[in-house]
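For reference, the structure is listed below as structure tokens.
The values are calculated or read from the model by the stated rules, or taken from the named source; none is laboratory data. Please read these numbers as outputs of a predicted model, since none were measured by experiment. Cβ placement follows ideal geometry from the backbone for every residue including glycine, while neighbour counts extend to all protein chains displayed.
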Amino acid sequence: MKKPAWFDEFMTFAVKGNAMALAVGTIIGAAFSTITKSLTDDIIMPIIAIFMGGIDFSELKITLPRLFGEAPVDEAGNIIANTLNYGNFISAVINFFILALVVFFLVRSLNKMAEIGKKKEEAAAAAEPPAPPAPSAEEVLLGEIRDILKNK
């Protein structure tokens, strides 16, 4: 079976260049997201709850009224409440700010490292001016002829 004409171009794109970096970044970002979610839910929120009188953010919600129809019930016969879970939203916002802060410091440090490298390259280029090239044999000979003509 003959490969389509675009297949080789696609493989070059997928294996080289930015596609692999994007894939690795996405996988690491997803893993890091679970770490920050755990940090928020398991460490930061309980500490905040201590200062707020033991409130569990995941339980912060407002029960909304039903305007039309009957309330649905689960298999046990309990009414399923229609709730607005703003505590989960607060956790997600805190999670976002932690992630954004980490990305900010990561990008900031990478930019500083790049800036330091650029300054080192500029300093090396400025510190050592290139030596003038040695005169060629023809230039030396012409200089000698000039000096002889001057002395006559």
Failed item in (1) at pLDDT 85 or above; (2) farther than 26 Å from residue 30 by Cα; (3) under 33 Å from the mean Cα position of the chain (by Cα); (4) aliphatic (A, V, I, L, M), with residue 101 passing the rest: (2)
Any hit, segment 54-76, residues being closer than 28 Å to residue 26 by Cβ, of a type in the set (S, T, N, Q) and surrounded by 11 or more Cβ atoms within 10 Å (Cβ to Cβ): yes
Residue check for residue 28: surrounded by 11 or more Cβ atoms within 10 Å (Cβ to Cβ) and either within 27 Å of the chain's Cα centre (by Cα) or in a loop (DSSP other than H, G, I, E, B) (or both): no
Subset of segment 44-79 (residues that are under 21 Å from residue 95 (Cα atoms) and assigned to a loop (DSSP other than H, G, I, E, B)): 52, 54, 55, 56, 60, 61
Segment 45-100, residues that are charged (D, E, K, R) and touching a residue at least 12 places away in the same chain (Cβ under 8 Å): 56, 59, 61, 66
Count of residues meeting criterion [in a helix (DSSP H, G or I) and among the hydroxyl-bearing types (Ser, Thr, Tyr)] in segment 80-139: 3
Filter result for residue 137 (exposed (fewer than 10 other Cβ atoms within 10 Å of the Cβ), modelled with pLDDT under 80, out of contact with any Pro (no Cβ under 7 Å at 6 or more places or on another chain) and farther than 30 Å from residue 30 by Cα): no
Any hit, segment 43-61, residues being touching a Pro at 6+ places or on another chain (Cβ under 8 Å) and over 29 Å from residue 103 (Cβ atoms): no
